[in-house]
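Chemist: Handing you a structure now.
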Amino acid sequence: MGITEANKSCPYVKKCGACHIGDRTYEEELAEKKRQIERYIKKYCPVKDMAGMYYPYHYRNKVHAVFGRIKNEVVAGTYEEGTHNIIPIKDCLIEDAQASAIIKTVTELIKSFKIWIYNEDTGRGLMRHILVRKGMSTKQIMVVLVTAGAEFPHKNNFIAKLRELHPEITTIVQNINDENTTMVLGERDKPLYGTGYIEDVLCGLRFRISPSSFYQVNSVQAQVLYKKAVQKAALTGEETVIDAYCGIGTIGMVMAAKARRVIGIELNQHAVRDANANAKRNNLSNIQFVAADATEYMTRMSENAERADVVVLDPPRSGSTPEFVKAVAAIAPKRIVYISCNPETLERDLEWFRKAGYRAAEAEGVDMFAFTNHVEVICSLYRA
Ligand code: SAH
């Protein structure tokens, strides 16, 4: 492994709380993350060393900032940990640098076009957040401007100016969020320029990504993670594979060439639409996606006595459910590949799987979130 410039530092680190850059070297961080995984799951299986990054900076392909005012000056930044005070961030060591530059420009444009910033307390004003997403290999860039209402004064001039200053932007979307909520994105997307989505290439496949679809924030490490998932699935070409919590279908599609058939299950409708388009774009005819709650769909499959050979699951931080595990046991796959972004719920779920007759074979961390406390683990299980 290559790695770090241990003395890189950030002036916002104490207040921002999004990362812990400077507190320890990257090597120490990887060792600590491995120990953390061990604390939770060593009792189930051996834990291999973390797969770290060669250059663990500016890896985030999705950058978010909230707009606010400090002493009447418009700023973009992040909330101070545990508060709603905005810390203006100008350059961030883990975020994509082009995205940071675009956020800076948009902040300036908001000032010069005199667009009102949304005020959480009064519910008045327009501009709430900005989200920039980048396809790291295609270099396509999406800017999502989150507004409190549908109107957007000087919209055409604003967009023209932004495109002139950043010709690298490939699409601009207005997202309308009129709820008093901590969620960044609202339900409605209005493309203002371009297709309304970006594409990226991972493991040789092309994926389209809509504003609200989940996509791994670290594209370099996502490929490392997916390759490990394929290895652990040990496919021969004959298997029926279930990709549960599949997002835009990345893992299932990477496996499709080595399987007989893949079924992806995902709750977010936008992500399912992306997944279907992605299957078509990559000429994969042996994969299908269903928009459903993973537990409900698996339970239905088990009630219909359907079978699968391999189940991959990649649930959100809250983990899976006892009913999901029960349904998997009834569907009786030989192997399970569990990808988790929370070792605590992984531990709980491995216990459910143990009771259902599955043993963990080995686990390893893949560092998707350098300099933060987030830990990603991939764990293989087999039917005892
Ligand atoms: N495997 C994908 C996505 C993982 S993130 C990838 O690597 O890109 C977890 C996904 O689970 C998200 O897309 C989220 O929308 C979805 N999700 C959350 N709760 C769900 C549920 N109850 N049923 C199905 N999908 C769910």
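Chemist: Can you tell me how the chain classifies by the Cα gyration tensor, rounded, prolate or oblate, using a/c under 1.5 as the rounded cut?
Modeler: Prolate shape, in that a/c is at least 1.5 and a/b is the bigger ratio.
Chemist: Evaluate the charge dipole of the range 1-149 about its Cα centre and quote only its size in Debye, nearest 20, assuming +1 on the Cβ of each Lys and Arg and -1 on the Cβ of each Asp and Glu. Could you put the intermediate results ahead of the total?
Modeler: Working: 24 positive and 17 negative charges, 68 e Å.
The dipole magnitude comes to about 320 debye.
Chemist: Given 0.36 nm per residue, what is the gain on full extension from residue 80 to residue 334 after removing their alpha carbon distance, in nm?
Modeler: So the extension gain works out to 86.8 nm.
Chemist: What ranking of 270, 84 emerges when the number of other C-beta atoms within 10 Å of each C-beta is taken as an exposure proxy, fewest first?
Modeler: Final ranking by Cβ density, sparse to dense: 84, 270.
Chemist: Post the alpha-carbon centroid distance, the range 16-31 to the range 92-126, in whole angstrom.
Modeler: Measuring centre to centre over Cα atoms gives 28 Å.
Chemist: Would you calculate, for the chain, the mean residue ellipticity at 222 nm contributed by helices, counting each DSSP H stretch of 4 or more residues as -39,500 (n - 2.57) and dividing by all residues, to the nearest 500?
Modeler: On the way: 10 runs with 115 residues, N = 384.
Mean residue ellipticity at 222 nm (helix-derived): -9000 deg cm²/dmol.
Chemist: Which ordering of 353, 113 is given by a fewest-first count of other beta-carbon atoms within 10 Å?
Modeler: Ranking 353, 113 by Cβ neighbours within 10 Å, fewest first, gives 113, 353.
Chemist: At 7 Å along the Cα-to-beta-carbon direction for both residue 182 and residue 292, put a label point, then send me their distance in nm to one decimal.
Modeler: Distance between the two pseudo-spin positions: 3.2 nm.
Chemist: Could I ask something else about it? Just to confirm my numbers, what's the Cα centroid distance between the range 146-219 and the range 235-275 in Å?
Modeler: That distance is 25 Å.
Chemist: A further question on this structure: Residue farthest toward the positive end of the dipole of the chain, with Cβ of Lys/Arg at +1 and Asp/Glu at -1: which of 126, 216, 254?
Modeler: 254
Chemist: What is the ratio of the Cα radius of gyration of the range 72-208 to 2.2 N^0.38 Å, with N the residue count, to two decimals?
Modeler: 1.05
Chemist: So how do 170, 138 line up by other beta-carbon neighbours within 10 Å, fewest first?
Modeler: Going from sparsest to densest Cβ surroundings: 138, 170.
Chemist: Once the other residues with Cβ under 15 Å from the Cβ of residue 309 are scored (Lys, Arg +1; Asp, Glu -1), what is the net sum?
Modeler: Net charge around residue 309: +4.
Just so you know, all these numbers are worked out from the coordinates, no wet-lab data involved. Quantities reported herein were computed from a predicted structural model and do not represent experimental measurements. No Cβ is skipped: glycine too gets one built from the backbone with ideal geometry, and neighbour counts run over all protein chains shown.
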